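J.: Below is one structure. I have some questions about it.
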Amino acid sequence: MVSSFEAPANMTGYIANFQNETITLYVTEDEKYLFTGPLMDAEGNSVGEEKLNAYVNGPKAVKNWQALENSHWVRDGSASAKRIVYTFTDPNCPYCKQLWHKARPWVDSGKVQIRHILVGILKADSLGKAAAILSADNPEEQLKKLAGSGLFQSIKPIENPEKTIRDKLINNYKTMLSLGARATPATFYLNANGEFNKQIGLPPESILADIFAPNDGK
């Protein structure tokens, strides 16, 4: 349970995290019954929606963003770019490569940096390939070279990555799961209202500006 609030009919409402999702729970006054999901009033308004949104876009968003910051990522773009976007990337993911190319106008402008959180989940050699990038003398240049040239999937995997690198990749995957993502690319960003958003899979063209330039659409 995250927090509680007063609900109609002397019930108690709760905000809770369950299987990486945030939900509302309601317990009857006699504490004999519990139910989940939206509770609607006579006018069709969701009783707990405001409380739920306040938590999701407040404390939970801050916690999620910190988890992304503390992961083991490789930067694509200028370190001074104020706009930061996180995306989970598997070296064997063709859609990750497409996202890399679609992001070029914003990254090349110097206004956006994408922080690629490497994972190895799609194929047997994915972890070894991700380890090869993280182990490079300059992971940023290695990522740029591989993604930009279309050789992303051809990188030679490391058969037995050293423990520190393996641990970083395992922790990245745990972070990915904790944020409710099961596939790559999984992209996380703050929208024009400062709200924490995620896009699983290759983003459609219609939301690219919302991800990379929500304030000016460029």
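J.: Name the residues in the range 82-97 that are part of a loop (DSSP other than H, G, I, E, B) and either without any contact (Cβ under 8 Å) to a residue 60 or more places away in the chain or more than 15 Å from the chain's Cα centre (by Cα) (or both), would you?
T.: Lys82, Pro91, Asn92, Cys93, listed by residue number.
J.: Follow-up. Filter the range 143-161 down to the residues that are out of contact with any strand residue (DSSP E or B) (no Cβ under 7 Å at 6 or more places or on another chain), closer than 17 Å to Trp100 by Cα and touching a residue at least 12 places away in the same chain (Cβ under 8 Å) and list them by number.
T.: Hits for the range 143-161 are Leu146, Ala147, Gly148, Gly150, Phe152, Gln153, Ile155.
J.: Just to check your reading of the model, which residue among Asp76, Asp90 is among the acidic types (Asp, Glu), touching a His at 6+ places or on another chain (Cβ under 9 Å) and under 30 Å from Asn215 (Cα atoms)?
T.: Asp76
J.: For the range 40-58, how many residues are free of Cβ contacts under 8 Å to residues at least 60 places away in the same chain and open to solvent by 50 Å² or more (accessible area, probe 1.4 Å)?
T.: Summing the residues that are free of Cβ contacts under 8 Å to residues at least 60 places away in the same chain and open to solvent by 50 Å² or more (accessible area, probe 1.4 Å) in the range 40-58 gives 10.
One line per residue, one yes/no per condition, for (1) within 20 Å of Asp76 (Cα to Cα); (2) modelled with pLDDT under 90; (3) in contact with a Gly (Cβ under 7 Å, 6 or more places away or on another chain):
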site: Ala132; (1), (2), (3): yes, no, no
site: Ser135; (1), (2), (3): yes, no, no
site: Ile158; (1), (2), (3): no, no, yes
site: Lys163; (1), (2), (3): no, no, no
site: Ile170; (1), (2), (3): no, no, no
site: Thr187; (1), (2), (3): yes, no, no
site: Pro203; (1), (2), (3): yes, no, no
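J.: To continue, here is another question. Which ones in the range 93-105 are closer than 16 Å to Ile133 by Cα and open to solvent by less than 10 Å² (accessible area, probe 1.4 Å)?
T.: Cys93, Cys96
J.: Being assigned to a loop (DSSP other than H, G, I, E, B) and either among the aromatic types (Phe, Trp, Tyr) or closer than 26 Å to Ala130 by Cβ (or both) is the filter here, so list the residues in the range 29-58 that pass it.
T.: Within the range 29-58, Tyr33 is the sole residue that qualifies.
J.: Report yes if Thr175 is closer than 15 Å to His72 by Cα, of a type in the set (Ser, Thr, Tyr) and in contact (Cβ under 8 Å) with a residue 12 or more places away in the chain, otherwise no.
T.: For Thr175, the condition - closer than 15 Å to His72 by Cα, of a type in the set (Ser, Thr, Tyr) and in contact (Cβ under 8 Å) with a residue 12 or more places away in the chain - is met.
J.: Considering only the range 2-39, how many residues are of a type outside the set (A, V, I, L, M, F, W, C) and surrounded by 15 or more Cβ atoms within 10 Å (Cβ to Cβ)?
T.: Residues flagged as of a type outside the set (A, V, I, L, M, F, W, C) and surrounded by 15 or more Cβ atoms within 10 Å (Cβ to Cβ) within the range 2-39 amount to 6.
J.: Taking the condition touching a helix residue (DSSP H, G or I) at 6+ places or on another chain (Cβ under 7 Å), closer than 30 Å to Leu52 by Cβ and exposed (fewer than 15 other Cβ atoms within 10 Å of the Cβ), does Ser178 pass?
T.: yes
J.: Let me ask another. Only one of Ala61, Ala79 is in contact (Cβ under 8 Å) with a residue 24 or more places away in the chain, under 30 Å from Ala103 (Cβ atoms) and either open to solvent by 80 Å² or more (accessible area, probe 1.4 Å) or assigned to a helix (DSSP H, G or I) (or both); which?
T.: Ala61
J.: Filter the range 108-140 down to residues that are among the hydrophobic types (A, V, I, L, M, F, W, C) and in contact (Cβ under 8 Å) with a residue 60 or more places away in the chain and give me whichever is farthest from Asn70 (Cα to Cα).
T.: Checking each candidate, the answer is Leu122.
J.: With the requirement that a residue be more than 17 Å from the chain's Cα centre (by Cα) and within 18 Å of Ile200 (Cβ to Cβ), what does the range 98-121 give you?
T.: Once the filter is applied, which keeps residues that are more than 17 Å from the chain's Cα centre (by Cα) and within 18 Å of Ile200 (Cβ to Cβ), the range 98-121 yields Gln98, Lys102.
The values are calculated or read from the model by the stated rules, or taken from the named source; none is laboratory data. Note that this is a predicted model, so its numbers are computed, not measured. Backbone-built Cβ (ideal geometry, glycine too); neighbour counts: all protein chains shown. In case anyone asks, the SASA skips ligands and DNA or RNA and just uses the protein heavy atoms, side chains included. Shrake-Rupley method; radii C 1.70, N 1.55, O 1.52, S 1.80 Å.
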